[in-house]
């Protein structure tokens, strides 16, 4: 029982990370049809800069972590918005080229990060409490899992509120469903493109700082590793569906934990098999719109 | 006659590199309903979409004398072009109220008018548009165009797939709208055309083959057969009647 | 008639009828290609002669002492240079096979590396498995190659049959998933068969002596050239075949191909399998050349590199993949050499850090090509001639307004 609980909560923590990356990917793809390979780099740069600022202010304290998180969110949002504005927008409606540009950006930035911060992981400090465990029903749960889950829930709630309550949210929801009809109602849908990139970048930026807490290090490949799973999550959840991304994040991460524990560390394989199975049975994913 | 509200001059449109509108020129007068007719696949919908810039196009389009053929779609619409697309294209995941709110461009949208015309929608404000019947979706689609003060409405097959009673309701709503705004209407149902259209423009093979008063065409069985491929107006009405709602 | 669903946005009916009535489904595409071929017969002859001359030149290169400082590490007869050129040609062959899928059939796969790895690891593992067998070593070598080819074929057919059930981004993701699975398996080193992160080293017991050792790099160079020519000819043959035309027509307009009664699925699967087996062939060449295989060649990053190469070279051109493969490999190698040079080490950090990362420069270059040079390197002459700016694959995307 305690093992089961530990696996589930650890899975939820990992799922929280996946969601922070996948939510932006899914919204961006849903609204703009852009498969954003640079999303992992948004996460990595935020993690690095968050760590750089955080450790200078106050290393290993809650205050330092909060600063890191704020820096990460800001960096993620700014870098993503700039990417959309400077690169993606020039290739309006040319989806293959847009994806290609993000591929190039991802290759170039990962190399740049390696040049600046080296190829080896840099271990990070975190507040003591996050390194300890809490006992629930006999299971010793690492405390950082709770932080991850709480943050992901906050982000989920925030994005949902934004989508439900604001005019831009309305435009984005409508645009995911039928972009050309939105323009046919006299709305410049492109303005919301930058916004969606910024929101996705902010979530990924927070994800970057939290990933450095979860893994205990930052590295140039932090984002690329998470990106592959985030892609899988996005596709399983249904491209463009925020709810789908949330559900699939949890399913994938928990499945991964269970397979790693009970099936001799085959978590990655099982996830891949799950993706293939879902796509073949239900090509549009769990919650995706009909293509 | 006063200056036309919309002038289309040698308009051509292409989708995926394929010519779907060859060379279309016509005018829409500043009042009344102008019907855009033709057999299936002659490019009526593509013509409307070309005017709106929803597909790649060349040629000239002038709205009240100003060229709009270089503008992106949203700017064209902002200049007072209301659009009711074929197949309604309501946002299924959004509620009726959200669909309407999204469409509101004016500082003072005409909510009362819409509520008057479509009382049914008031009750269903909170319902998701995707769960509405085809007729109700058409009302939403019409309401989205009527909630703003427009200089012209482009209405594409509003009665397609509707039961006869609903066809009459939609026609009545259009007739009411036509009192205040000129309409360019694509329509297959001859019964509706007879009731609404003042003028007709007939397309064939991607070009205009006939322009004139509606009566001129509708009173001529031979022309109807030649241009539209039906024998009898009554026939068309009957056929439409047998169609159940498709959504 | 009146009440049938109106498909106004479709092509005029006369057009569809015309193509449906012809017996040869892709008559128009085929006729177009033939027309072009007939019109430019002298040019084709020139191309053929030029191609042959180039192959001959490449073949005698190891016997010459051409030195291009800055581009090649040394004169062309030295093993280091031959090794690099051979590697570039294998990457070019692999890129050609990838271009056939992406450029010709419009299949954006993120899993092509899987088949290259299948060829390399397949041959390496079979050679190791057959090592104790008492057959003559030539026989073991040939059998091993055949077994690996069969393995590549079966793998390609299986993955292709499953992945092609979905299209577009979903297809890309399923192929990515399979490749990722392959990559994970290779890294996990099941039963010590793949060598895990260390990579697999070639068991030379049954490899012909002429293909082993630094002194025989020349022979390996010729093998690589042979692989490139072979892949080029197969790709050319497929593109000119009926299947190639149907694939091209499917990319442009799948609906139309369906309408005239052809299952695009079968054609796409065929292209997928041929491209994948060719990738496996290139993979075998790579194993022999490098005397081993690194798990890097199974990663998604490696497939992304192929995508970069093909786009860099020019998706619309067969030559593009070859030019892209060779330019990319040489650049990568030379930039790495540059990164370690004293010149770079002497620069201030702002310049030193980015310039010492070859992938940063290549990635940036790639972005610039996509933004400003649609058509890639191979498209430059065409651009200069006609001032044309449209990217070959962009037409299908451009209209989704």
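The values are calculated or read from the model by the stated rules, or taken from the named source; none is laboratory data. Since the structure is predicted, the reported quantities are computational estimates derived from the model, not experimental observations. Using ideal geometry, Cβ is built from the backbone for each residue, glycine included, and neighbour counts are taken over all protein chains shown.
Observations on the model:
- Sole residue being over 21 Å from residue A:283 (Cα atoms), touching a helix residue (DSSP H, G or I) at 6+ places or on another chain (Cβ under 9 Å) and away from chain A (no Cβ under 13 Å), chosen from C:157, C:88: C:88
Let's see how each residue does on (1) more than 21 Å from the chain's Cα centre (by Cα); (2) surrounded by 15 or more Cβ atoms within 10 Å (Cβ to Cβ); (3) within 14 Å of chain C (Cβ to nearest Cβ); (4) closer than 26 Å to residue A:254 by Cβ:
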| residue | (1), (2), (3), (4) |
| --- | --- |
| A:43 | no, yes, no, yes |
| A:60 | yes, yes, no, no |
| A:100 | no, yes, yes, no |
| A:111 | no, yes, yes, no |
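- Residue in segment B:196-208 that is more than 10 Å from chain C (Cβ to nearest Cβ), at pLDDT 90 or above and more than 21 Å from residue B:24 (Cβ to Cβ) present: yes
- Scanning segment C:347-383 for residues that are in a loop (DSSP other than H, G, I, E, B) and touching a helix residue (DSSP H, G or I) at 6+ places or on another chain (Cβ under 8 Å) turns up C:347, C:356, C:357, C:373, C:374, C:375, C:376.
- Every condition in (1) within 19 Å of residue C:323 (Cα to Cα); (2) touching a residue at least 12 places away in the same chain (Cβ under 8 Å); (3) assigned to a helix (DSSP H, G or I) is met by residue C:54 except one, and the failing one is (2).
- On inspection, residue A:104 does not qualify as over 24 Å from residue A:288 (Cα atoms) and part of a loop (DSSP other than H, G, I, E, B).
- Exactly one residue out of A:227, A:185 is within 14 Å of chain B (Cβ to nearest Cβ), buried (at least 24 other Cβ atoms within 10 Å of the Cβ) and modelled with pLDDT of 90 or more: that is A:185.
- Residues in segment B:8-22 that are over 27 Å from residue A:94 (Cα atoms) and surrounded by fewer than 18 Cβ atoms within 10 Å (Cβ to Cβ): B:9, B:10.
- Candidates A:134, A:194: the one that is in contact with a strand residue (DSSP E or B) (Cβ under 7 Å, 6 or more places away or on another chain) and either surrounded by fewer than 16 Cβ atoms within 10 Å (Cβ to Cβ) or not in a loop (DSSP other than H, G, I, E, B) (or both) is A:134.
- Out of C:174, C:227, sole residue that is closer than 20 Å to residue C:116 by Cβ, part of a helix (DSSP H, G or I) and more than 14 Å from chain A (Cβ to nearest Cβ): C:227
Residues checked against (1) under 30 Å from residue C:335 (Cα atoms); (2) without any contact (Cβ under 8 Å) to a residue 24 or more places away in the chain; (3) in contact with a strand residue (DSSP E or B) (Cβ under 6 Å, 6 or more places away or on another chain):
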{"position": "A:141", "(1), (2), (3)": "no, no, yes"}
{"position": "A:149", "(1), (2), (3)": "no, no, no"}
{"position": "A:162", "(1), (2), (3)": "no, no, no"}
{"position": "A:167", "(1), (2), (3)": "no, yes, no"}
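- Any hit, segment C:240-260, residues being within 18 Å of the chain's Cα centre (by Cα), surrounded by fewer than 18 Cβ atoms within 10 Å (Cβ to Cβ) and at pLDDT 90 or above: no
- Hits in segment A:255-277 - residues which are closer than 28 Å to residue C:169 by Cα and either within 8 Å of chain C (Cβ to nearest Cβ) or part of a loop (DSSP other than H, G, I, E, B) (or both): A:266, A:268, A:269, A:272, A:273, A:275, A:276
- Only listed residue being modelled with pLDDT of 95 or more and either within 19 Å of residue A:180 (Cβ to Cβ) or buried (at least 23 other Cβ atoms within 10 Å of the Cβ) (or both), chosen from B:71, B:142, B:146, B:154: B:154
- Check on residue A:80, away from chain C (no Cβ under 11 Å) and modelled with pLDDT under 85: no
Table: residues versus (1) within 22 Å of the chain's Cα centre (by Cα); (2) at pLDDT 85 or above; (3) surrounded by 22 or more Cβ atoms within 10 Å (Cβ to Cβ).
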site	(1), (2), (3)
A:85	yes, yes, no
A:92	no, no, no
A:105	yes, yes, yes
A:126	yes, yes, yes
A:129	no, yes, no
A:141	no, yes, no
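- Among the residues of segment A:152-174, those that are facing another protein chain (nearest Cβ under 9 Å) and either buried (at least 16 other Cβ atoms within 10 Å of the Cβ) or on the phi > 0 side of the Ramachandran plot (or both) comprise A:170, A:171, A:173, A:174.
- The residue that is farthest from the other protein chains (Cβ to nearest Cβ), among those in segment B:32-44 that are in contact with a helix residue (DSSP H, G or I) (Cβ under 8 Å, 6 or more places away or on another chain) and more than 14 Å from residue B:154 (Cβ to Cβ), is B:32.
- Scanning segment C:111-139 for residues that are at pLDDT 90 or above and part of a loop (DSSP other than H, G, I, E, B) turns up C:111, C:112.
- Residues satisfying the stated conditions in segment B:8-34, i.e. part of a strand (DSSP E or B) and closer than 17 Å to residue B:200 by Cβ: B:8, B:24, B:25, B:26, B:27, B:28, B:33, B:34
The rows are residues; the columns are (1) in contact with a strand residue (DSSP E or B) (Cβ under 7 Å, 6 or more places away or on another chain); (2) modelled with pLDDT under 90; (3) within 14 Å of chain C (Cβ to nearest Cβ); (4) surrounded by 21 or more Cβ atoms within 10 Å (Cβ to Cβ).
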{"site": "B:46", "(1), (2), (3), (4)": "yes, no, yes, yes"}
{"site": "B:78", "(1), (2), (3), (4)": "no, no, no, no"}
{"site": "B:91", "(1), (2), (3), (4)": "no, no, no, yes"}
{"site": "B:97", "(1), (2), (3), (4)": "no, no, no, no"}
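- Condition met for residue A:212 (crowded, with 24+ Cβ neighbours inside 10 Å, at pLDDT 90 or above and in contact with a strand residue (DSSP E or B) (Cβ under 6 Å, 6 or more places away or on another chain)): yes
- Matching residues in segment C:269-294 - criterion: being surrounded by 24 or more Cβ atoms within 10 Å (Cβ to Cβ), farther than 14 Å from residue C:93 by Cα and either at pLDDT below 90 or within 13 Å of the chain's Cα centre (by Cα) (or both): C:271, C:272
- Residues satisfying the stated conditions in segment B:65-87, i.e. assigned to a strand (DSSP E or B) and either closer than 19 Å to residue A:190 by Cα or free of Cβ contacts under 8 Å to residues at least 40 places away in the same chain (or both): B:66, B:67
- Within the option set A:251, A:227, being farther than 29 Å from residue A:113 by Cβ and part of a helix (DSSP H, G or I) holds for one residue only, A:251.
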